[in-house]
Amino acid sequence: MKFNTKTIHGGQHHEPHTGAVMPPVFQTSTFAQKSPGVLINGYEYSRGANPTRTALEDALASIENGSRGLAFSSGLAATDCVMKLLKPNDEVIAMDDLYGGTYRMFTRIYQDMGIKFHFVDMNDLDKFQSLINENTKLVWIETPTNPLMKVVDIEAIGKITKAKNILFAVDNTFATPYLQRPIDLGADIVMHSATKYLGGHSDVIAGALIIKDAELGDKMHFLQFATGATLGPQDAYLVLRGIKTLHLRVQRHSENGQKVAEYLAKHPKVAKVYYPGLENHPNHDVAKKQMNGGFGGMVSFTFKSEDKADAIKFLESVKVFTLAESLGGVESLANHPALMTHASIPEPKRKEIGITDDLVRLSVGIEDIEDIIKDIEQAFN
């Protein structure tokens, strides 16, 4: 089954009792049993499983080519479940450019529990490999990264982690499975903030894990069930509905993102544009190899003035874009990472990575491209 068909039919079945094309919202906390411990179709209590959530989880597994999907109450809850696989003295190698909430979780929660983290640009494979030792249990990457749009060669990292028997997890939020399927390239676990492109309409908070190995999937389902960060049925329904138009939306996001990046690259006030679809992007060739059908709707840029005030003025002047956190909705959003999504990263670390005070991150929506470009143009003036 081709991907565009999978988004609608993958792992999905009509509701057996009524023939409903979309699964109902099973708004129930518990399920009747035939006899003590004898379940009806495997359902006991909605923290463990709920038919609406099951429909979503089956769809997630299908579109990412995994053996099991799990749906969580947020992207960070999904990340937290992965971290619960680790023990004190374990070590994690993570990309140096990460979503601020992920960095905060790693450094302010799990680091205090005795887990050691190394943050490195994994485009330098020699430096990455030099950090691997007998305590290395997990490699965590985003690609493209948030907010600097670095692209990591998933296949190259996957070969290294497989040879060393290290778990390899990829945050695929920016690319979505429409553009990139990390399990096919060697990842063991894929994470999504399903709040973003999978939901696609800025109306739900959700997270997802897709696991390659069935045994690991069972282990992670136990962690999800035992710690309780599950997704409610109404939210599961909204994400499942969003997935059915994922291919159409991300195609338009990518088309518009490419045009916005090309416009910004020629603008006299812009110093640098971060977008993997530009030929001068340092990882453009890797992006072409592993991203199919476009390069996504996320674009970041800085000002030639290097002045934070210019970034603030721009963000206060947009009209089609909305100044707000988050990304991946049908509407265009604009963000100041240093003051918003990445404020939890200490300033020296932000500057070391390249998250400057004049950096603006755009989530380019699916509006008419002429209106988007005109809005950017007037915000510069």
Practice prompt. Kindly list, by first and then second residue, each pair from a residue in region 192-206 that is touching a residue at least 24 places away in the same chain (Cβ under 8 Å) and among the charged types (D, E, K, R) to a residue that is in a loop (DSSP other than H, G, I, E, B) and surrounded by fewer than 20 Cβ atoms within 10 Å (Cβ to Cβ), limited to pairs with Cβ atoms under 8 Å and residues at least 6 apart or on different chains.
Written response: Lys196/Ser326
Worksheet entry | Which numbered condition Ala169 fails, given (1) farther than 22 Å from Met83 by Cβ; (2) surrounded by 24 or more Cβ atoms within 10 Å (Cβ to Cβ) | (1)
Worksheet entry | Every residue from region 308-346 that is under 19 Å from Gly200 (Cα atoms) and outside any loop (DSSP other than H, G, I, E, B) | Thr322, Leu323, Leu333, Ala334, Asn335
Discussion item. Among the listed residues Glu57, Glu64, Glu44, identify the single one that is in contact with a Pro (Cβ under 7 Å, 6 or more places away or on another chain), of a type in the set (Asp, Glu) and either more than 30 Å from Arg350 (Cβ to Cβ) or touching a residue at least 60 places away in the same chain (Cβ under 8 Å) (or both).
Written reply: Glu64
Worksheet, complete the sentence: If you go through Leu60, Leu70, Leu131, Leu125, the only one that is within 18 Å of Ala229 (Cα to Cα) and either touching a Cys at 6+ places or on another chain (Cβ under 8 Å) or surrounded by fewer than 18 Cβ atoms within 10 Å (Cβ to Cβ) (or both) is Leu70
Discussion item. Please verify whether Val151 is assigned by TED's automatic domain parsing to the domain that holds Thr54, touching a strand residue (DSSP E or B) at 6+ places or on another chain (Cβ under 7 Å), surrounded by 17 or more Cβ atoms within 10 Å (Cβ to Cβ) and modelled with pLDDT of 95 or more, treating the condition exactly as stated.
Written reply: no
Discussion item. Here's a check for you: in region 215-248, which residue that is assigned to a helix (DSSP H, G or I) and among the polar types (S, T, N, Q) is nearest to the chain's Cα centre (by Cα)?
Written reply: Gln224
Item to complete: Take Ile366 and decide whether it is in contact (Cβ under 8 Å) with a residue 12 or more places away in the chain, under 13 Å from Gly257 (Cβ atoms) and buried (at least 16 other Cβ atoms within 10 Å of the Cβ).
Response: yes
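The values are calculated or read from the model by the stated rules, or taken from the named source; none is laboratory data. Note that this is a predicted model, so its numbers are computed, not measured. We place every Cβ from the backbone using ideal geometry, glycine too, and count neighbours over all the protein chains shown.
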